[in-house]
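Chemist: Once you've had a glance at the structure underneath, I'll fire off some questions.
Rule-based calculations on the coordinates, nothing more; no lab input. Because the structure is predicted, anything quoted here is derived from the model rather than measured. Glycine also receives a Cβ, built like all others from the backbone with ideal geometry; neighbour counts cover every protein chain displayed.
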Amino acid sequence: MIGWRILCGGLVFVAVTTIAAAGLSTLAGRLEPRGAWIAMALGLSAGIAAARGASAPRQKITTADAVLFVVFGLAALRAFLWVVYPEGPDLKILSPHNLGDIALHLNLILRWANGGTFWPENPFLAGAVFPYHPGMDFWNAILGVLGLPVIAGLRWVGLLGAAATAAALWRYGRGFALASFLFAGGLGALVLLREGVLDGQQDAAAWKNLFLTMLVTQRGMLFSLPAGFVLLTVWRTRLSGSDGPRLSVPAQAALYASMPFFNAPAFVFLSVLLAVCFFAGWRTGRSRDFLSVTLLAVIPATWLVRMVTGNFTAPNALRWAPGWMQGENGWWFWLENFGLFLPLTAVLGIVLLRRGAADTATRVFYGVAAATLAFSFLFLFAAWPWDNTKLIVWGYLVLAPLLWDGLIKHWPLGLRIAACLALFTSGALALAGGLDGRHGYKIAGRAELDDVQFLLRHLPVNARLACAPAYDHPALLLGQPVVMGHDGHLFSQGLDYGPVSEKLDVLMSGREGWRDAARGLQTHYLFWGRKEKERWPDSSLPWVPCAPPLATTPSGVLYLLTPCLLEE
């Protein structure tokens with residue numbers, strides 16, 4: 001019970017602090033220390049109140065549960081203590097899945113912690129909206145403003161978020177939920193046997209290990225998963241009328257309302273489930289709490305949705321795509337990625353239809369989760385098909401414990417063991433392979449990073465910099481807004497970056513019209529270093545005669561383009 005109170009209180013603390021800081025930062029135009037302290041005080045008060053109002057019956061931790069907690073803890077220590085780390089002359093990250101994302105997160109954290117504009121235009125594309133849910137990065141920025149170093153913040157937030165995720169999953173579905181998250185996978189072990197590579201199946205698989213590709217790289221999941229499963233646990237208790245974990249309505253509303261800022265797909269899933277719970281509870285007289293949560297959350301949630309969609313102008317990528325990422329692989333795609341999970345889910349549906357005694361909560365949770373999977377397999381809601389995983393994960397994790405309770409646990413011991421091996425062997429191998437000593441990937445040279453940091457001291461924090469659009473560019477890692485960032489980020493946000501890319505190419509290559517290109521990009525600062533030389537080796541550097549260098553280091557030169565742009 002104490003653990004449930006700490007979990008709920010901690011999550012409400014983060015939710016209220018982040019919402020309050022976002023509101024104060026919107027009024028001030030930037031994240032200020034005073035606003036961060038005020039938000040912290042409000043969040044702490046709300047967290048303490050939520051903890052006092054939370055309750056849960058005592059639940060026994062079995063030996064299997066304890067083993068899974070240990071595995072979860074060891075995986076979290078390995079993943080987050082080495083999330084970003086120095087090794088010799090290099091700055092490295094552990095996960096290859098994080099190579100394209102870590103610069104985005106570091107950029108946002110440092111930008112806001114250093115006083116960058118809030119809510120910003122897209123810091124990675126000139127003139128574009130910013131359709132992203134950066135709540136966890138904003139939380140790290142709050143900690144940074146209050147004095148916590150960025151890398152230490154990444155580690156501590158990762159470890160505490162992982163601990164909260166494990167606790168919330170266990171409360172929702174006990175050890176089977178933990179195993180389903182840690183060891184998600186299909187029959188990818190067959191690829192292992194064929195290739196002889198421990199984590200080789202992760203390259204070809206669409207449904208990858210969730211711990212490695214969701215919790216470690218998609219930082220919003222560090223809040224949305226534990227907060228979401230706290231809500232799911234409480235809503236299931238309320239809908240079924242059972243004696244389970246409880247949380248006050250205002251605390252539920254705080255968690256739900258903050259969800260768009262941390263993870264938009266989670267908010268969509270929870271909104272659908274909340275609506276269905278309300279209508280299902282109407283017949284049994286248990287709809288009041290669901291309505292109250294909705295009414296308390298509607299204003300802050302709408303404001304946050306408006307914020308993360310660029311005032312509702314974000315590109316709409318929803319489109320019909322039956323088969324998801326199946327391609328020409330046919331039925332083998334589903335077996336390789338999900339194994340027995342989908343057939344067992346179908347069998348469970350038949351069992352629930354025949355078993356009239358199944359409680360309302362089980363039928364509702366099964367129906368919404370199964371519909372989520374069906375929707376995700378028929379429609380794409382983002383430009384990058386793999387992003388459907390961010391919605392699939394909710395249907396999968398909600399269904400997994402229902403499979404155990406409604407089907408697998410009633411089988412003989414031998415069949416239960418066989419089912420668990422079939423469901424989790426591949427994912428367990430992927431987890432082990434994804435965290436072993438072979439991994440470690442350079443994200444930057446430490447000397448180059450120090451040089452570029454010295455150069456950027458001469459720039460205003462909100463000045464947009466023209467530089468090479470590389471995912472590991474030092475300017476991105478140091479929090480500077482750029483004319484154009486990594487195209488993978490921009491594509492996944494559904495943004496049309498083609499016109500900006502063309503103008504940037506004209507400017508940096510020094511072709512005719514480079515001054516007009518710079519004016520169109522609204523940039524007065526240009527960085528020329530190693531990556532720029534590699535991308536535009538034949539550039540004529542026409543700005544050199546008229547643009548005074550603000551600073552020069554062995555890693556590059558920072559130019560002020562304003563005198564050039566004043567010329568005809």
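Chemist: Where nothing but the Cβ of Lys and Arg (+1) and of Asp and Glu (-1) is charged, how large is the charge dipole of the range 444-566 around its Cα centre, in debye to the nearest 20?
Modeler: 280
Chemist: Starting with the fewest neighbours, write out Met307, Met508, Met214 ranked by other beta-carbon atoms found within 10 Å of each beta-carbon.
Modeler: Met307, Met214, Met508
Chemist: Can you pull the Kirkwood radius for the range 6-101, inverse mean 1/r over Cα pairs, to one decimal in Å?
Modeler: 16.9
Chemist: Could you list the trypsin sites (Lys or Arg not before Pro) in the range 304-407 that lie in coil according to DSSP, counting only those with at most 15 other Cβ atoms within 10 Å of their Cβ?
Modeler: Here the trypsin sites (Lys or Arg not before Pro) that fit, given the DSSP loop and packing criteria, are Arg355.
Chemist: Nearest 20 debye, what's the magnitude of the dipole of the range 338-437 about its Cα centre given +1 on Lys and Arg Cβ and -1 on Asp and Glu Cβ?
Modeler: Computed charge dipole of the range 338-437: roughly 320 debye.
Chemist: At q = 0.22, 0.26, 0.28 Å⁻¹, work out log10 I(q)/I(0) for the range 349-425 with the Debye formula, treating every Cα as an identical point scatterer and leaving solvent out; two decimals please.
Modeler: Once normalised to I(0) and log-transformed, intensities are -1.03, -1.16, -1.22.
Chemist: Sticking with this structure for a sec: I'd like to know which of His524, Trp543, Tyr471 lies farthest towards the positive end of the charge dipole of the range 432-568, counting +1 on Cβ of Lys and Arg and -1 on Cβ of Asp and Glu.
Modeler: Among His524, Trp543, Tyr471, the one farthest towards the positive end of the dipole of the range 432-568 is Tyr471.
Chemist: Still on this structure: Once the Cα atoms of helix 446-456 and of the chain are each reduced to a long axis, what angle between those two axes, in degrees from 0 to 90 to the nearest 10, is obtained?
Modeler: 60
Chemist: Moving on to the next point. Within the range 503-568, report the trypsin sites (Lys or Arg not before Pro) that DSSP leaves as loop and that have at most 16 other Cβ atoms within 10 Å.
Modeler: Those that pass, being in a loop and sparsely packed, are Arg511.
Chemist: Specify the angular offset, from 0 to 90 degrees and rounded to the nearest 10, of the alpha carbon long axis of helix 360-378 from the longest principal axis of the alpha carbons in the chain.
Modeler: Roughly 40 degrees between the two axes.
Chemist: Along the charge dipole of the chain, Cβ charges K/R +1 and D/E -1, which of Ala297, Pro120, Tyr497 sits furthest on the positive end?
Modeler: Most positive-ward Cα: Ala297.
Chemist: How big is the gap, in Å, between the Cα center of the range 305-323 and the Cα center of the range 142-188?
Modeler: So the separation of the two Cα centres works out to 27 Å.
Chemist: How large is the charge dipole for the chain, taken about the Cα centre, if only the Cβ atoms of Lys, Arg (+1) and Asp, Glu (-1) carry charge, to the nearest 20 debye?
Modeler: Computed charge dipole of the chain: roughly 2240 debye.
Chemist: A follow-up question, please. Using semi-axes √(5λ) of the Cα gyration tensor in Å as the read-out, say which of [x] 43, 27, 22; [y] 47, 31, 20; [z] 71, 25, 22 was calculated from these coordinates.
Modeler: Matching the structure shown: [x].
Chemist: Could you state the angle between the C-alpha long axis of helix 264-282 and the longest principal axis of the C-alpha atoms of the chain, as a value from 0 to 90 degrees rounded to the nearest 10?
Modeler: The helix 264-282 is inclined about 30 degrees to the chain.
Chemist: At 25 °C and a viscosity of 0.890 mPa s, what translational diffusion coefficient does Stokes-Einstein give for the range 250-337, taking Rh as the Kirkwood radius over Cα pairs? Give it in µm²/s as a whole number.
Modeler: For these conditions, the coefficient is 159 µm²/s.
Chemist: Which pairs, out of Lys208/Lys533; Lys390/Lys531; Lys92/Lys208, put more than 28 Å between their alpha-carbon atoms?
Modeler: In this structure, Lys208/Lys533; Lys390/Lys531 exceed 28 Å between Cα atoms.
Chemist: No other cysteine beta carbon under 4.7 Å away is the test; run it over the chain and list who passes.
Modeler: Cys8, Cys277, Cys420, Cys467
Chemist: A follow-up question, please. At 25 °C and 0.890 mPa s, what whole-number value in µm²/s does Stokes-Einstein give for the translational diffusion of the range 444-566, with Rh from the Kirkwood sum over Cα pairs?
Modeler: The estimated diffusion coefficient comes to 170 µm²/s.
Chemist: Another one. Restricting to the range 444-566, compute how many DSSP beta bridges are antiparallel as a %, nearest 5.
Modeler: 75
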